[in-house]
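These notes are about the structure you will find just below.
The values are calculated or read from the model by the stated rules, or taken from the named source; none is laboratory data. Just so you know, these numbers come straight off a predicted model, no measurement behind them. Virtual Cβ from ideal backbone geometry, glycine too; neighbours counted across all protein chains shown. Ligands, DNA and RNA are stripped out before the accessible areas are found, and what is left, the full protein with its side chains, is counted by its heavy atoms. Shrake-Rupley method; radii C 1.70, N 1.55, O 1.52, S 1.80 Å.
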Amino acid sequence: MTDVPYEDWRARAAGLVPHTGHHIDGAFQDGPETTPVVAPRDGRTIAHVASAGTAQVDGAVAAARRAFDTGPWPRLAPAERKAALLRWADLVERDRETLALLVSLEMGKPITDAYGIELRALIGCLRWYAEAADKQLDESPRGSASSLALVTREPVGVVGAVVPWNFPLTMAAWKIAPALATGCTVVLKPAEESPLSALHLAALGTEAGLPPGVFNVVNGPGEVAGRALGEHPGVDVLAFTGSTEVGRHFLRYAAASNLKRVWLELGGKSPNIILPDAPDLDAAADTAAWGIFFNAGEMCSAPSRLLVHRSVADRVLDRIVARAESLRVGDPLDPATEMGPLVSTAHQARVMEHIEAARASGARLRAGGGVDGRFLAPTVFDQVKPEMRVAREEIFGPVLAVLEFDDLDEAVTLANDTEYGLAAAVWTSDLSTAHRVSRALRAGTVWVNCYEEGDMSVPFGGVKQSGHGRDKSLHALDKYTDLKTTWIEL
Ligand code: NAP
Ligand code: MG
């Protein structure tokens, strides 16, 4: 929690001079174009950031390639990489307020969450993979008396990371930290909406002593800079977090270029099942509301479909509606704000289009449904039918779709009736029900009597069209390493 008052955050915002170049080979570099970064809180342009063409991407990949092929980074003792990553985490901690402010300004996250949640996640992730770096062991299977086999983990090489704006630093760290810990080098392309925090992070990496080319950032539109990374023959692995639609592009880019491995963390439409025997129905309702309105619903894992047993639907819904109506929506720089603006007016218009479509399809609006300037009200629809768009498409805004059911099988069928499979939850006091439903739900994560619980040691990712591969945990190291077998005749 930060105790910096509202006036101070505003004053600091007014005086902020962010980095605006690409960060390539350890230095900032301009060109060839610039793009404005617009603060969703008031629509003001807070910076003009360099925007890459393919030449800048080529330069960044070449720098990462040199750093990997001939530089010190992959050849350091793991304990030395650990030390560098820990120094980096310390500098992030030193600049925690500045980084939180950049995040809050560029994408509208409430400053309390930016400081308390996003920055805690970034620092924790850097330290966790730093600590893991020197604790990986290779294998030597027992062969014959006359030979020795070694199975070693080798860093894959240059990693391209393309990330969204909703948790700009956390999503980046989940890729950068394990990749660097194994000895890979990285080129990150942040979302156009949120380059400033990533550039500050890069400057701190250089200050921490990362050798030139180990961590590079190129800004620019996805169709140019993201695509150039996806198609680049010098990139060995592409780690992507974003929409399912853009995920498909990356598979095509890989197929059309060097068959690089592509890891995909994509969208979701996660079901949250509340059964009448939930240990605490009020807590279930409060968590359902918190889950969909946290980060203005701009959460891949948001519980956007509430499946509630008909016998308790009124009670649960009344409480969610009351919460929606009492949420403090406003300026993200005010530490008391619980929900800020959506990332852009374009995104706000997309979410409003979903709201209109839900109304037109016959869903009943129970809360919100409108905008007040730059702020969209927390919105709840009930009487939702499974075939409606509001029940099927990822909205990525504070819009809850409530469906009712009469028995457990129906709930599980409804829950799995989606092309996505990122997360799911069930609320019940019955141990067998908890296990049976968890097994039946097709999702990368199932929460029982909670939502959004997580820890760096626990993997996160999806099944079906929510993607594949896992961020976080020791398993993420597999994405950035290859197994090498070495036979030695004795
Ligand atoms: P997005 O539109 O898919 O963009 C993600 C990134 O891809 C951005 O950096 C974007 O660049 C780039 N990009 C866009 N079009 C591209 C193209 N044709 N070729 C290459 N790169 C391209 O997603 P978003 O709007 O930023 O974020 C929201 C989405 O992210 C949601 O679907 C959400 O569910 C998903 N998400 C998933 C997770 C997870 O862990 N599963 C976590 C967070 C978010 P520009 O925007 O700069 O053009
Ligand atoms: Mg975008």
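Quick check: is even one residue across region 124-134 open to solvent by less than 40 Å² (accessible area, probe 1.4 Å), over 30 Å from Gly340 (Cα atoms) and not in a helix (DSSP H, G or I)?
No: zero hits.
Find the residue count for region 81-93, including only residues that are surrounded by 17 or more Cβ atoms within 10 Å (Cβ to Cβ) and not aliphatic (A, V, I, L, M).
4
Take Met352 and tell me if it is within 25 Å of Gly108 (Cβ to Cβ) and in contact with a Phe, Trp or Tyr (Cβ under 8 Å, 6 or more places away or on another chain). Quick ask: steps written out before the conclusion?
Details: within 25 Å of Gly108 (Cβ to Cβ): yes; in contact with a Phe, Trp or Tyr (Cβ under 8 Å, 6 or more places away or on another chain): no.
When the stated conditions are applied, Met352 does not pass them.
In region 373-384, what residues are open to solvent by less than 40 Å² (accessible area, probe 1.4 Å) and in contact with a strand residue (DSSP E or B) (Cβ under 6 Å, 6 or more places away or on another chain)? Walk me through how you get there before you give the answer.
Pass one, region 373-384, residues open to solvent by less than 40 Å² (accessible area, probe 1.4 Å): 376-382, 384.
Those that are open to solvent by less than 40 Å² (accessible area, probe 1.4 Å) and in contact with a strand residue (DSSP E or B) (Cβ under 6 Å, 6 or more places away or on another chain): Thr379, Val380, Phe381, Asp382, Val384.
Going residue by residue through region 295-313, is there one that turns out to be in the same structural domain as Val390 (by TED's automatic domain parsing), among the charged types (D, E, K, R), open to solvent by 60 Å² or more (accessible area, probe 1.4 Å) and farther than 30 Å from Gly230 by Cα?
yes
Please specify each residue of region 79-111 satisfying the condition of being under 22 Å from Val329 (Cα atoms) and not in a helix (DSSP H, G or I).
Those that are under 22 Å from Val329 (Cα atoms) and not in a helix (DSSP H, G or I): Gly108, Lys109, Pro110.
What are the pairs with Cβ atoms under 6 angstrom where one residue, in region 322-335, is over 19 Å from Asp3 (Cβ atoms) and assigned to a loop (DSSP other than H, G, I, E, B) and the other, located anywhere, is acidic (Asp, Glu) and open to solvent by less than 10 Å² (accessible area, probe 1.4 Å)? Sequence gap at least six, or different chains.
Going by the 6 Å Cβ cut-off, there are no qualifying pairs.
Could you list all residues from region 40-78 that are of a type outside the set (A, V, I, L, M) and part of a helix (DSSP H, G or I)? Even if it seems obvious, please write down each step before you answer.
Initially, region 40-78 is screened for residues of a type outside the set (A, V, I, L, M), giving 40-45, 48, 51, 53-54, 56, 58-59, 65-66, 68-75, 78.
If the condition is that a residue be of a type outside the set (A, V, I, L, M) and part of a helix (DSSP H, G or I), then Thr54, Gln56, Asp58, Gly59, Arg65, Arg66, Phe68, Asp69, Trp73, Pro74, Arg75, Pro78 are the ones that fit.
Against the conditions (1) assigned to a loop (DSSP other than H, G, I, E, B); (2) in contact with a strand residue (DSSP E or B) (Cβ under 9 Å, 6 or more places away or on another chain); (3) surrounded by fewer than 22 Cβ atoms within 10 Å (Cβ to Cβ), where does Val446 fall short? Just the number, please.
In the conditions (1) assigned to a loop (DSSP other than H, G, I, E, B); (2) in contact with a strand residue (DSSP E or B) (Cβ under 9 Å, 6 or more places away or on another chain); (3) surrounded by fewer than 22 Cβ atoms within 10 Å (Cβ to Cβ), Val446 misses (1) alone.
Can you tell me which residue within region 54-67, out of those that are of a type outside the set (S, T, N, Q) and in contact with a helix residue (DSSP H, G or I) (Cβ under 6 Å, 6 or more places away or on another chain), is surrounded by the most Cβ atoms within 10 Å (Cβ to Cβ)?
Residue satisfying both the conditions and the ranking: Val57.
So which helices (runs of 4 or more DSSP H) stay within region 161-270 end to end and still have 3 or more residues that are surrounded by 24 or more Cβ atoms within 10 Å (Cβ to Cβ)?
So the answer is 168-182, 195-207, 227-231.
Please name all residue pairs, on different chains or six or more residues apart, with Cβ atoms under 6 Å, provided the first residue is in region 76-101 and is closer than 17 Å to Ala121 by Cβ and the second residue is acidic (Asp, Glu) and assigned to a helix (DSSP H, G or I).
Here the result reads Leu91/Glu207, each pair linking region 76-101 to a residue that is acidic (Asp, Glu) and assigned to a helix (DSSP H, G or I).
I'd like the full set of residues that are open to solvent by less than 60 Å² (accessible area, probe 1.4 Å) and either basic (Lys, Arg) or on the phi > 0 side of the Ramachandran plot (or both), limited to region 352-372.
Within region 352-372, Gly362, Gly368, Gly369 meet the criteria.
Would you call Arg96 among the basic types (Lys, Arg), open to solvent by less than 50 Å² (accessible area, probe 1.4 Å) and farther than 17 Å from Ala177 by Cα?
Criteria met by Arg96.
Please enumerate the residues belonging to region 314-336 that are within 26 Å of the chain's Cα centre (by Cα) and surrounded by fewer than 24 Cβ atoms within 10 Å (Cβ to Cβ). Before the answer, list the steps.
Keep residues of region 314-336 that are within 26 Å of the chain's Cα centre (by Cα), which gives 320, 323-324, 327-336.
Once the filter is applied, which keeps residues that are within 26 Å of the chain's Cα centre (by Cα) and surrounded by fewer than 24 Cβ atoms within 10 Å (Cβ to Cβ), region 314-336 yields Arg323, Ala324, Leu327, Arg328, Val329, Gly330, Asp331, Asp334, Pro335, Ala336.
Mind checking which pairs have a first residue in region 229-254 that is at pLDDT 95 or above and among the acidic types (Asp, Glu) and a second that is part of a helix (DSSP H, G or I) and open to solvent by 20 Å² or more (accessible area, probe 1.4 Å), Cβ under 7 Å, 6 or more apart or different chains?
Note: pairs meeting the criteria are Glu231/Tyr253; Glu231/Ala256.
Would a scan of region 198-214 turn up a residue that is more than 16 Å from ligand 1 (Cβ to nearest atom) and either polar (S, T, N, Q) or under 23 Å from Lys484 (Cβ atoms) (or both)?
Going residue by residue through region 198-214, those that are more than 16 Å from ligand 1 (Cβ to nearest atom) are 200, 203-214.
If we keep only those that are either polar (S, T, N, Q) or under 23 Å from Lys484 (Cβ atoms) (or both) too, we end up with 206, 214.
Yes, region 198-214 has at least one match.
Can you name the number of the only condition in (1) open to solvent by 10 Å² or more (accessible area, probe 1.4 Å); (2) within 23 Å of Glu356 (Cα to Cα); (3) part of a helix (DSSP H, G or I) that Thr418 fails?
(3)
Look at region 61-90 and say how many of its residues are of a type in the set (Asp, Glu) and under 24 Å from the mean Cα position of the chain (by Cα). Give the steps one after another, and end with the answer.
Restricting attention to region 61-90, the residues satisfying the condition of being of a type in the set (Asp, Glu) are 69, 80, 90.
Next, from what is left, pick out any that are under 24 Å from the mean Cα position of the chain (by Cα): 90.
Here the count works out to 1.
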